Each structure stands twice: as structure tokens, then as C-alpha cells.
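Scroll down for the structure; my scribbles are underneath it.
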Amino acid sequence: MCGICGCGSSKLSPLKPHHHHHDDKHSHSHAQETHGERLVRVEQDILAKNDGYAEQNRQYFQQHGIFALNFVSSPGAGKTTLLVATINALKNTRPIFVIEGDQQTDLDADRIRATGVAALQINTGKACHLDAHDIGHAVQSLKVPDNSLLAIENVGNLVCPSSFDLGEAHKVVVLSVTEGDDKPLKYPDMFHAADLMIINKIDLLPYTNFDVDRCIEFAKRINPAIEVLQLSATQEHTMGAWLEWLNQH
Amino acid sequence: MHEISLLESVLETLETQAKQQGFQQVKQVVLEIGALSCVEADALRFGFEVVMKNSLAEHAELVIIKIAGQGICPKCQQQVLLETLHDPCHHCGSFGVTVLQGQSMRIKELIVI
């Protein structure tokens with residue numbers, strides 16, 4: 001039995017419903033008592049359970065001074081390489097813990113552990129995203145101490161993780177220049193949900209057709225407030241602005 | 001296919017409601033899906049039958065009500081209908097319209113026995 005939420009498996013507890021206006025565009029029958037049938041109003045967000053756990057996580061992080069970041073990208077954008085480089089730069093200045101989400105294998109957690117930092121791998125199996133319930137359990141089993149940096153590397157996927165709040169302070173979307181510069185328009189939900197966009201592999205720019213200005217313009221169409229940093233996680237001298245961003249948050 | 005995860009969450013809510021409101025079978029599930037939400041109605045319909053199999057909502061009808069996307073333009077302050085998150089304001093052409101409605105995914109009501 002889980003100590004956080006009382007779950008025996010992955011069952012989640014119910015949360016409060018939201019208020020909502022009735023919409024008159026639908027055409028189904030409102031017959032209240034036909035052949036023993038009756039109408040039950042639910043008026044609840046489908047993600048209410050996840051959002052409830054995310055809020056619990058967020059409160060826990062705030063109470064314990066844990067700065068949680070949710071790293072999202074398509075597969076291969078360089079999230080793990082960015083985390084390894086970030087850990088190597090900062091591990092002597094603050095406690096860092098990592099939660100790795102992948103459908104299969106412990107390979108990413110192994111790469112993080114090689115830096116000397118504790119990492120927990122969550123294999124989501126068929127699921128394409130981490131959810132807030134996973135994160136609550138992971139934080140407990142990692143025993144993340146107060147005032148840590150908690151990096152959550154989500155499953156490589158620019159679609160589904162945008163819907164699932166984990167309780168993080170910020171979503172950080174990583175986009176590499178070996179991808180298309182039009183990805184913000186192709187996957188708008190993620191760029192709408194993120195607070196920071198990191199354009200990675202910037203050292204490879206001369207070998208690609210990636211237009212940095214165009215990419216930033218597209219991202220800002222969707223999310224005018226999004227911050228943008230450009231770096232290459234394999235080139236230490238390009239990491240300064242990112243490390244400064246972390247220090248200021 | 002996070003639609004499957006969402007439908008599993010719907011099923012959990014149905015099971016909880018069945019206990020709270022005292023019903024055994026669900027005949028119809030009405031969802032409200034925002035035009036700007038990260039979900040495809042067709043994928044929900046495809047997954048619904050699979051996820052509800054052998055549950056209290058097996059053979060239930062799924063009704064999806066689409067909720068239009070709406071926003072307000074930060075420049076001209078006019079209300080804007082949105083089909084995507086990157087639509088410009090159709091009054092003044094500015095981007096960055098603030099979304100007011102159309103991102104939610106809700107279980108509205110059920111018909112039960």
C-alpha cells in the first residue's frame with residue numbers, strides 16, 4: 001500500500017469536480033427516467049486526478065524548496081546529454097536528483113548515475129508520458145532532500161506529455177537543430193505549455209537548414225512569453241546562459 | 001496514444017461514480033472536448049470500445065461535444081475564435097492570442113441504469 005495516496009496499484013483517488021456551463025450544441029436525449037435509465041451529471045475534468053496529484057507534488061516541492069523541472073522533447077533532441085552536462089557543471093554546488101522516463105530500459109538512468117548523481121528510472125511500458133502519480137512515488141523512493149534540483153526527463157514525445165502536469169515549476173522543451181525549425185507549429189501544445197525552449201546542438205547549425213530566428217518566431221506565435229536559450233550540451237563553453245538561468249530560478 | 005490513458009481515467013471516474021451514485025451500468029458517456037485540447041475525437045472513439053470492454057460501460061455510447069476555441073487578442077483586446085493555438089487574431093493579425101476556452105477535456109454527464 002502506498003503511503004502517499006493509499007493506492008494498492010495505480011488506482012487514483014477522486015478529486016473535486018469543477019463548475020461548468022451547460023452547452024446546448026449536443027443532440028443526445030436528456031430523458032431522466034426512461035426504462036430505468038437516469039442522467040448523472042459528473043462535470044469533472046478528465047485529467048482531474050492527475051492534476052490533483054500534480055498539485056500535491058507542487059505543494060511538496062514548495063514546502064521542501066525542491067526546484068523541479070520537466071524536460072520534454074522529441075526522441076534524440078539531447079535531453080539526457082543536456083542533463084549529464086548540467087550535472088557535471090553543478091553537482092558540487094547543489095544536490096541534484098533525476099527521474100528518467102522511458103518506455104523501456106534503464107539506459108538513461110545509468111548515464112545519469114555515471115555522474116555520481118542518484119537517478120530513478122520509470123519505465124512507462126506502453127504509456128507515452130509520465131504522470132503526476134508516478135512522480136509522487138518516485139520522489140518518495142529517491143528521498144529527494146530539501147533544496148534540491150529535481151530534473152524529470154519525460155518520455156521523448158512532443159505530444160502527450162504536454163497534457164500531464166507533474167507539479168513541476170517549469171516545463172523545459174528541448175529542440176535540436178537537426179530537427180525541423182517548424183516543430184513549434186507542428187506540436188503547438190508542447191510549446192504553449194513550456195516556459196523555456198532550449199535550442200540544442202547549436203554547434204551543428206552550419207550543417208543544417210535550421211533557421212533559428214524562424215524557429216523562435218514560430219514558438220513565440222504560440223507562446224509570446226516563452227524564454228529561449230541556444231546551446232550545445234556537448235560544448236561546455238556554450239552552457240553558460242543555461243547554468244545562469246538555473247542559478248536565477 | 002495518450003487517449004487510452006485518458007479513457008482509463010474516464011473509466012475510473014465511472015467506477016467511482018457508480019459507487020457514489022448507486023448505478024450498475026452506463027449506457028451513455030458524454031464528454032466535452034475542447035478544439036484546442038491535445039486529443040483527437042476519432043482516437044477517443046477508437047479507444048473507447050477497447051477500454052470499456054468487460055466494464056460497467058461495455059457497449060455504452062460515447063457522445064463527444066466539441067467546445068470551440070476562444071481567446072482574447074493582447075493587442076486589440078477583441079475576442080477571437082481559435083482553431084489552433086497559433087492562429088493570429090482575425091481582427092488585427094497579431095499572434096499570441098490568450099486562450100480563454102477550448103483546452104479542456106471533461107466528463108459532462110452519463111446515462112446510467
Q: May I have the count of lysine pairs in segment B:2-112 with C-alpha atoms under 18 Å apart, counting pairs 8 or more residues apart or located on different chains?
A: 5
Q.
Sequence gap of 8 or more, or different chains, plus Cα separation below 24 Å: how many lysine pairs satisfy both in segment A:129-249?
A. 10
Q: Rank the residues B:Ser37, A:Ser141 as a footprinting-exposure proxy: fewest other Cβ atoms within 10 Å of their Cβ go first.
A: A:Ser141, B:Ser37
Q | Using a Förster distance of 45 Å, the FRET efficiency for A:Lys91-B:Leu100 (Cβ separation, nearest 0.05) | A | 0.55
Q | DSSP-loop trypsin sites (Lys or Arg not before Pro) across segment B:20-106, with at most 10 other Cβ within 10 angstrom | A | B:Lys53
**Q.** Whole-number percent relative contact order across segment A:91-187, with pairs defined as alpha carbons under 8 Å at least 6 apart
**A.** 32
Q) Name the GluC sites (Glu not before Pro) in segment B:19-103 that are in a loop by DSSP and that have at most 16 other C-beta atoms within 10 Å, would you? A) B:Glu40, B:Glu58, B:Glu83
Q | Helix A:79-90 vs. chain A, principal-axis angle (Cα, 0 to 90°, nearest 10) | A | 60
(Q) Report the Cα centroid-to-centroid distance between segment A:62-87 and segment B:18-87 in angstrom, as an integer. (A) 31
Q: Go ahead and collect, in residue order, the members of segment A:146-167 whose backbone nitrogen is under 19 Å from a label point 7 Å along the Cα-Cβ direction of A:Thr105.
A: A:153-158
Q | Residue with peak Gaussian network fluctuation, chain B [Cα springs, cutoff 10 Å], from B:Gln103, B:Gln78, B:Gln20 | A | B:Gln20
Q. Averaged over A:187-194, how many beta carbons belonging to a partner chain fall within 10 Å of each residue's beta carbon?
A. 3
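Coordinate-derived values only; no laboratory data. The model shown is predicted, which means the values in this text are computed figures rather than measured ones. With ideal geometry, Cβ positions are generated from the backbone for all residues, glycine too; neighbour counts draw on all protein chains shown.
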